[in-house]
Amino acid sequence: MKDLIEELISVATAKGICDEGLREMGSRNRDALINYYIANPDWCLERDFPDFDTLKDKFADCEGKGVYVDKVFHGETLNDLQTYIFHGCKGTIKVGLNVDKGIIPMLYLANGCRLRIIGIGDKSQKRRSEVPVYVFGKNDVSARNNQFVSFTRYNSDLI
């Protein structure tokens, strides 16, 4: 595992990570790298860091932290975490405000996702939730607004 961590730090450095970013990766362990990735999805996804093959081979077990790699969804509701990151995922997900936790998720997609996103909610919501959907590179994504959720899509190219 140490070789992988050193390789990822080397790649991040070559892709222009700042000194603060290296410090945020922390103690050079896997959890620190995952936490950095989740806290800085824009930087990571714009730079394809780590690449899809590395994510698939070494980090496909991070679903509990909101990172999904090459998964097929069948209408699962995702609203327990602030940030969800998808790579090569397909299918349908449901997203909306988690009233109990006060969470409005943000979605990040890359590496050829084919996702249909459906807004969910209930009458206890005082107003419509606005959910950002950040799309990096080429993906096939549709998001359906309703009375509970409004999706705003932001497209970004890879650097």
Open item on the list: Cross-link candidates for Lys126: which aspartates and glutamates have Cα within less than 14 Å, leaving aside residues fewer than 8 places away along the same chain?
Closed with: Asp100
Task: Degrees separating the helix 2-14 axis from the principal Cα axis of the chain, which is the longest one - done: 80 degrees
- [ ] Report, by chain and number, residues whose modeled amide H sits under 5 Å from the one on Asn29, excluding near sequence neighbours (fewer than 5 apart, same chain).
- [x] none
- [ ] With everything on Cα atoms, drop me the angle between helix 30-39 and the longest principal axis of the chain, reported from 0 to 90° to the nearest 10.
- [x] 50 degrees
TODO: Could you check which residue among Val149, Val69, Val99 shows the biggest mean-square fluctuation in a GNM of the chain with a 10 Å Cα cutoff?
DONE: Val99
Task: Max mean-square fluctuation residue, GNM over the chain, Cα-Cα springs under 10 Å, options Tyr36, Tyr108, Tyr84 - done: Tyr36
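Can you give the translational diffusion coefficient of the range 113-159 in µm²/s, computed by Stokes-Einstein from the Kirkwood radius over Cα pairs at 10 °C and 1.306 mPa s? Before the final figure, lay out each step's value.
Numbers: Rh = 11.7 Å.
Translational D for this selection: 136 µm²/s.
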- [ ] Springs between alpha-carbon atoms under 10 Å, Gaussian network over the chain: tell me which of Asn139, Asn40, Asn98 tops the mean-square fluctuations.
- [x] Asn40
Open item on the list: From the mean inverse distance of alpha carbon pairs (Kirkwood) and the Cα radius of gyration, derive Rg over Rh for the chain.
Closed with: 0.99
TODO: Just list whichever of Lys71/Lys101; Lys58/Lys94; Lys56/Lys90 have alpha carbons separated by over 19 Å in the model shown.
DONE: Lys71/Lys101; Lys58/Lys94
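Every number in this text was worked out from the coordinates using simple rules, so none of it is lab data. Small disclaimer: the values here were computed from a predicted structure and weren't measured.
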